[in-house]
Every structure is written in structure tokens, then in C-alpha cells.
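S.K.: Below is a structure I'd like to ask you about.
The values are calculated or read from the model by the stated rules, or taken from the named source; none is laboratory data. This structure is a prediction, so every number in the text was calculated from the model and none was measured. In this analysis, Cβ positions are derived from the backbone assuming ideal geometry, glycine residues included, and neighbour counts consider all displayed protein chains. Accessible surface areas use protein heavy atoms only, side chains included; no ligands, DNA or RNA. Shrake-Rupley method; radii C 1.70, N 1.55, O 1.52, S 1.80 Å.
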Amino acid sequence: MFRFAIDPFSFFIGFAVASIFWWLVARARPLWDELRASLKEQREVAHTRKTTAVEENHRRITLRRAQGMHLAAPLFALDEIIQEPLLVAPPSIVMPGEPPLFEDVISQTLPYLPAWPEIAAAYHAPTLTLAQALSGNVNIVVIGQPGVGKTISLAHIASLAANRSDKLGRLQNAVPFLVHVADLKLPVIESKNILGPLIDATAESAPLFDVGRLPSFFENTFDSGDALLLLDGYDELTPDSQQVVTEYLKTLIYNFPKTHIITTGAPEYLDGLIGLGFAPLALMTWSVSQSNEFIERWGELWSKTVAMESWAQAGPALVDPILLNVWLSADNGNLSPLELTLKAWGAYAGDSLGPHVLDSIATHIRRISPSNTPIAALETLAMQVLLSAQPHFDPRKAREWVKSFEVSEDTLAAEEGLAEEPAEEAPPKKGEKNEKRVAAPKSGLLGKMAASGLLINCPNNKMRFAHPVFAGYLAGQALNEYKAEETLLDHKDWSGKYLAMHYFAARGDASKLVQSLLEFSRMPMHRPLFVAARWLRDAPKNAPWRGKLFSTLAAILQTEGIPISLRGQAMAAFVASNDPGVAALFRQFETTMSFELIHLAVLGSGAIRDTKAVKVIEHVMNAPSLSVRRAACMALVAIGTNEALEIVAHSLLHGDEDVRRAAGEALANDTAEGHAMLKDGLTLSDILLRRAVVYGLGRIHEKWAVEALQKIQIDDDQWIVRNAASEVLDASAHIEARAPRKLRAPSESPWLLEFASKQGVGIPPGAPATEMLLLALKCDDPDTRLAALPYLKFTPNEGVVTQLYGAMYRDDPELREAAYNTLWEIGASGVKLPHPSQYGFG
């Protein structure tokens, strides 16, 4: 056993050194903590600096791309020529226990027609900006016909977001991600890589040094809820492809629920989006005043920029812009923004093939097609894209479709020393798997089409036409040439199919197509009928199928007991047809004894500006129906003749309280005489007159009108007038209240919980509460019935559809319209709705 001796001196020396060491450590601990915090802050600053640099580059690239996403991009930047995109404000959501939202007379009188926004534009119905529409924390699908400006609306909000515009309100700092569905590699196999397709699409145009930093930038942005995803092209897809995209969006929303999304859709085909909580909002078409403003702006920009180019100076002398604008403004009724743009371009460039809108489309296709390319090649390509249902097609297959036209191209290329080189495999980008990637064609027929702008190369070895209207027009011409239109009837419904049918009907005999569509058309949607009704405007006036189509539309318009929103679509179809016999038909309907029919016919007369209807509408002003008298005021102002305006002015001065208000609000739509009448009305002593004028001023979104209302709110000596001014100013300041709102879960909805408690039951968390909602739909309280409808569209089983039909045929006009709008959303989402007669209705 060993024994160790301890040296006292060494012990005390070691003890002293250790004590001093730990004393120094204790004293230095704050310094170490500060050093660690400093290093951490430096790392965070460095990371933020990298992220900020990536974000700023991304915003700059997004802005540049957005400014070029319009047809006239070779001439003007988007912000130079754009008319601000506006959405038709949807009907207000009713919540029991909450005060109702303010509604102007226009909203109360017009049926809600999201598939036919032309009527809302004719009467200046309330609108929302895209930013206001997003304020309800609901994802949006912007719906509209091809060419109405859905892509432009996404480009516009992308530009605002890229510039951090204060117009976006709480989304001012949102980061825009603007992509086309054709740029996404779908489906995604692993949900953890859900951002991968977006990252890859963005990397195509990102600076090389930013590519490696994109994944963390995307992850941080989507995690924080700052991402604003703007997904273009959903409306161009077939149903199968739409399902792939909706599955992707479903996973994306699940992983990043705070993401704000706007996409585009056709009114008839929104497969899967409604079930994901997307709210369909119609893009407002241009009114006459907006169209004229666009034409004037086009002329100004053309004179200042394009006309100064050397090639323009060397060409024929430019016609006086005033004369051109008068001609363009005289016949632009019911033209889409795309069509009006092409018409103005052709007029100012002097290369238009004719006055018809179809000539404008043909002119632009010729303008952007490669030289010496036979039109038959373009038509064949478009027809094959249509028949194969591949709006985003493989260029290798496309070469086979048009190879018979390549002979002349090869000969021409040989003469010029530009023989086509075979397509090479593109090397994989950094971070990509070594998969076979085929480079986009750079020569040959397809390469020339891409270089000229008629086709667009997509990242995933795909190509697409620059605009679906061009593809539809060319395919329609080819169908007429090959008499192949009937082969489309067996294809699944999608927007490209019906667009081609539209342009086929404009040139060929569509009798068999119309007959087939009418056989499939049924309540409650009549989708095939209204699809065919869109063809009437461009079809020959002597087409043999027009009479049968008009008869069917007239029958629906006259059918009592069905929703006004359905009958209103028939009225809108007549208006959009531009048929000269429509005016006389409306005047005939205005002399019937059916107030609902008179109501719609009067709105139709106003929308087509039928001056011969003024006397008939003046007589209608004496009808006992308030909705008819309101419609009459609106229609007379829309017609706009001195005689019509004098009738409205007389009603403003001498009518009852309701008619005076209708007259005041209607006059707000006339920027010249109408506004002058309202200004004069403020100076009169009649209390009810001034109150009506106040409601009219509330619909004028100009500085002078707001200042006048603010003055009246304080200075008017009558409280009823002051209260009206306060009401309209408050409604204008809170217009976003009209935006669709995200519904609370049934187990968290106060009104539904209260209703369930009265039934003696509870609602467990996560339950759809369908049975309780159906009970609410059948209860006696009107607000409770209306509040149940937005929930029921998410569970469209047979029992729910049956009860919705019951509500639609109930003797309650407000419930009937709301139930029909719910059924419309269900039908648009892909659910096949049976005929109401199957359940004993209709």
C-alpha cells in the first residue's frame, strides 16, 4: 500500500492559481457571451444580406417580366398602356347577428352574372382591385373569357408587389412569384420538395450566383407568409391537367397555409379549385368609356414613340389620330381588351386585313408569324394541339405534325446557308439530375415560330402558343378546312375545345355542333347553351343555326320561377350577340305583364343603348315593381340621349324616395350631363332630392365628389342628408368588406354554434356539420338560411344538392339567387349536377 505526501507549498500555489483562473473566467463570461452574440449577429446579418440581395434581384426580374407580359410589349411597357384590372364585387356574405353591408341600387338591381361581366361593365357595377379581393384572406381565381385580361391582371399585381406599392395595403411587402403552369414540372413525387417546381421555374431567369441561394429564399418567404403566388395559365388546361395542378396547390397550401395565391380560370371549368377554398371572381370587361380611354392612350403613345421610328417614317403617312380614334370608338361594342388592342394596332400600323374583329386577329397572327410560312402549317399545328388536347405540347411530336411543310423551309434554308441543325441534348444545370433534356428548337419551322413570338418555349421541353386565342383561331380555320369539327364532340370539355369551336362557327356551318350542344344543355346551368351563345357575335348573320339558338335563349329568358341569375345570362347572351333584331325583342318583352321579364328586358335595352326603347322605358317607370323602376333609371342613363336623361332628371325631382335614389345613383354613370345634374342638385332645398344626390355622389370615385360629401357630412342642415353622406363615405372607405372572406370552421362559427345549441346538439372540432347546415338552410330565419349556403358548397353530395334545389325553387327571391350561385360554383368545380326534375323540382 502506497502513501502520498502532499507538499503544502505546492498545494497553496496551485490553489491560488486555480482561484485566480476561475475568477478571471467569471469576470470574462459577459465578454464571451457578448462575443458569441456578436458572431451570431454577424452570421444573421450576412444571411440577411444574401437573402435581401436574392430578393431584390428576384423583384427586379419579376418586374421586368411582368412589364412584358402583354401583346403590345414590343411597343409599350405594361404600365404605360394598362387599364387597371378590376373584379366584379360578389354578393355580400350574410352573417346572422352582424349588420348588413351597404349596397347601392346598382348592386340591388343587377343580377350577379360572373360568366357575363359585360352587363356589370355597362352599368358600372361595384368592383374590387386584386389587392382588395385578397384582403379577406381567401385565395382568388380570376375568371373570364379568353382575351379579357387575366394574364394582365396577374402581371399588374406582380408589378405592384415587385415595387412594394402601397396600393397593396397589408400585402405591400409581399414577394411576388409569377409563373405559368407550363413552367412547372408536375406532379411532385415528394411533398417535402413541394417548392421545387417553383424554384426550378424561377432559376431559369435568375442570376447564376443566386441559383444556389433560391431554396433558402423560397423556404423563408413561404414560411413567413410573405409569398404571393401568381399562377397563370390554369384556364388553358384540360381537366386532367387541372387535377394535377390542384393536387399540387393542395399540398402547397397544406405545407404553407399562409401563402396568398391568385390563379386564372374559365368561368365554366374550375375543377378542384372551389374545394380548396378559392373564390372565383370575374374580371370586369371594359366599359365604353374605358375602351375610349384606352384608344386615346394608344394614339398618344403611338404618336410619341412608334410613329417616330425610321421604319414608320418611311411608310405611308399616318392618318390623323383623331379620325382613327373616332372610327375605332364607333364600333367596339363587346370587344375584349385583346381584340380592341389588335384592332387599334392594325388601324395605327395600317396593316389590318379588314374591319371585322376576326380580321384583327388574323392580322396579328400574320404580323408575328415567320416570313414565308404557309398559313396551313400554323393551322395544322393548332389543330393537332387541339385534337391531342395538349395545349403545352412536345416539340418532337409537333415536328411530325408539320413535317410536310418543312420541305419548302429546308429548301429556303439551304439557299440562305441556314440548314437546320439537329436538336441537341442540353446539359443539365447545376443541382439537376442527369436526365435527358432536349434543347428547345432553334431553327426549322418551330424554331422560327418561337423566334417570331408566335410560340413560346417552356422549361420542361414543351412549347405553347403565345395566346390561346391565336391557337383557337387557327384551329378553328383548320377544322373548317378539314371538316373535322364533329370529332371534338367526344373530347372532354376544356376552354381550348370551345374556343376552336367558336372560331369554326365564325367561318363554317356549326349546325351540327349547336344541335349537339343544345341536346346536352339542361338545368340548372345550361352550360353548353351559353357556350354556343358566345359564338353569335362573330357568326354570319344568315347562319342556319342562329334562329334555334335564339329561340332557346328566349325561352329561358321568359321562364318564370327560375333564378334571375339564370335568366339574366340569356339576356346577356342577347346583348353580346350584337344582332340587330335583339332591340325589337327587348322592346316587345317590356310590354308584357311579367315584372321579372320587364326588369331584364329593360336592362338589356340599356346595355345595347337602344334609343327607340326610351318611350317604352318611360312608360315602364310607372310600374308598381321597384326593381323595374330602378332598372328603368339605369337603362335610360346608359342610353344617354337628352330625352332619356330628362326623364331620369324628372324622376330625381318628382319621384318617390326610392326612385329618386335610383335616379341619383344611375346619373353617376354619366360623366358629363349626369355629374352636372348631381352638382346642381346639391344646391336645391328639397331634402329627399339632396339625399338622392348624396347616394349618387357616393358612386363617383373622384376627388371633387369625395370633398363634396365630406362637406355635406358636416355642414348640411338636415340630419337625414348628413347620415346619407356618412353612410356612403364609410362604405367607400371599407369597400374591401365586399371581398370574399375565409369561413370559420363550423365548430368555431358563432351563429352556427348558437343555432346548434337551440337544437340541443354540439359541433365537434373538425366536423363538416353538414346535417346541421342543412337544418339551418330549412329554418325560418332568412339570414341563417343564407349563411348556411357558403359552407354547403364544400360538401356537394346528393343530399346537399337536393336541398339546394329546394332552396332555389323556394318562394324567396334572395334565397333563390344565393342558392343558384352556390350551385353554379359547385357545377364549375367539376361536379355533374343532375336535372332538378330528378328530385321533383322544375
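S.K.: Taking the condition of being small (Gly, Ala, Ser), in contact with a helix residue (DSSP H, G or I) (Cβ under 9 Å, 6 or more places away or on another chain) and either under 28 Å from ASN173 (Cβ atoms) or open to solvent by less than 10 Å² (accessible area, probe 1.4 Å) (or both), how many residues in region 222-265 meet it?
M.R.: Total satisfying the criteria: 3.
S.K.: Let me ask something else about it. For ILE194, indicate whether it is within 30 Å of ASP493 (Cα to Cα), open to solvent by 70 Å² or more (accessible area, probe 1.4 Å) and of a type in the set (Val, Ile, Thr).
M.R.: no
S.K.: Can you tell me which residue in region 801-842 is surrounded by the fewest Cβ atoms within 10 Å (Cβ to Cβ), limited to those that are within 28 Å of the chain's Cα centre (by Cα) and among the acidic types (Asp, Glu)?
M.R.: For region 801-842, the residue satisfying everything is GLU814.
S.K.: Related question: Pairs under 7 Å by beta carbon, first residue within 19 Å of CYS458 (Cβ to Cβ) in region 199-215, partner modelled with pLDDT under 90 and part of a helix (DSSP H, G or I), six or more apart or different chains?
M.R.: Close Cβ pairs satisfying both conditions: ALA203/VAL211.
S.K.: Select from region 561-574 the residues that are open to solvent by 10 Å² or more (accessible area, probe 1.4 Å) and either under 22 Å from GLU519 (Cα atoms) or among the hydrophobic types (A, V, I, L, M, F, W, C) (or both) and list them in ascending order.
M.R.: Answer for region 561-574, where residues must be open to solvent by 10 Å² or more (accessible area, probe 1.4 Å) and either under 22 Å from GLU519 (Cα atoms) or among the hydrophobic types (A, V, I, L, M, F, W, C) (or both): ILE562, ILE564, GLN569.
S.K.: Moving on to the next point. Can you tell me which residues in region 509-536 are open to solvent by 30 Å² or more (accessible area, probe 1.4 Å) and more than 30 Å from GLY840 (Cα to Cα)?
M.R.: Within region 509-536, ASP509, SER511, LYS512, ARG534 qualify.
S.K.: Can you pull out every residue in region 100-111 that is surrounded by 22 or more Cβ atoms within 10 Å (Cβ to Cβ) and among the hydroxyl-bearing types (Ser, Thr, Tyr)?
M.R.: Matches in region 100-111: THR109 only.
S.K.: Looking at SER747, SER732, which is the one that is in contact (Cβ under 8 Å) with a residue 24 or more places away in the chain and within 29 Å of LEU281 (Cα to Cα)?
M.R.: Details: SER747 fails: in contact (Cβ under 8 Å) with a residue 24 or more places away in the chain.
Answer to the check: SER732.
S.K.: Another question about this same structure. Please name all residue pairs, on different chains or six or more residues apart, with Cβ atoms under 6 Å, provided the first residue is in region 252-267 and is more than 11 Å from LEU229 (Cα to Cα) and the second residue is among the aromatic types (Phe, Trp, Tyr) and open to solvent by less than 10 Å² (accessible area, probe 1.4 Å).
M.R.: Short answer, once both residue conditions are applied: PHE256/PHE222; THR264/TYR234; GLY265/TYR234.
S.K.: Within region 689-729, take every residue that is part of a helix (DSSP H, G or I) and polar (S, T, N, Q) and give me the one that is farthest from LEU281 (Cα to Cα).
M.R.: The residue in question is GLN713.
S.K.: Related question: Mind listing just one residue for me: the one in region 716-740 that is in contact with a strand residue (DSSP E or B) (Cβ under 9 Å, 6 or more places away or on another chain) and not β-branched (Val, Ile, Thr) and, of those, surrounded by the fewest Cβ atoms within 10 Å (Cβ to Cβ)?
M.R.: Top of the filtered list is GLU736.
S.K.: What residue, of PHE470, PHE465, is modelled with pLDDT of 95 or more and open to solvent by 10 Å² or more (accessible area, probe 1.4 Å)?
M.R.: PHE465
S.K.: Same structure again: Among the residues of region 554-578, write down those that are within 24 Å of ASP331 (Cβ to Cβ) and either modelled with pLDDT of 95 or more or part of a helix (DSSP H, G or I) (or both).
M.R.: MET571, ALA572, ALA573, PHE574, VAL575, ALA576, SER577
So that you can scan it fast, the table gives a plain yes or no per residue for (1) outside any helix (DSSP H, G or I); (2) over 23 Å from LYS711 (Cβ atoms):
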site: ARG630; (1), (2): no, yes
site: LEU636; (1), (2): no, yes
site: VAL659; (1), (2): no, yes
site: ALA662; (1), (2): no, yes
site: ASP670; (1), (2): yes, no
site: GLY674; (1), (2): no, no
site: LEU678; (1), (2): no, no
site: SER685; (1), (2): yes, no
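S.K.: Any chance you could count how many residues in region 574-605 are out of contact with any Phe, Trp or Tyr (no Cβ under 6 Å at 6 or more places or on another chain) and within 27 Å of PRO524 (Cβ to Cβ)?
M.R.: Residues in region 574-605 being out of contact with any Phe, Trp or Tyr (no Cβ under 6 Å at 6 or more places or on another chain) and within 27 Å of PRO524 (Cβ to Cβ): 20 in total.
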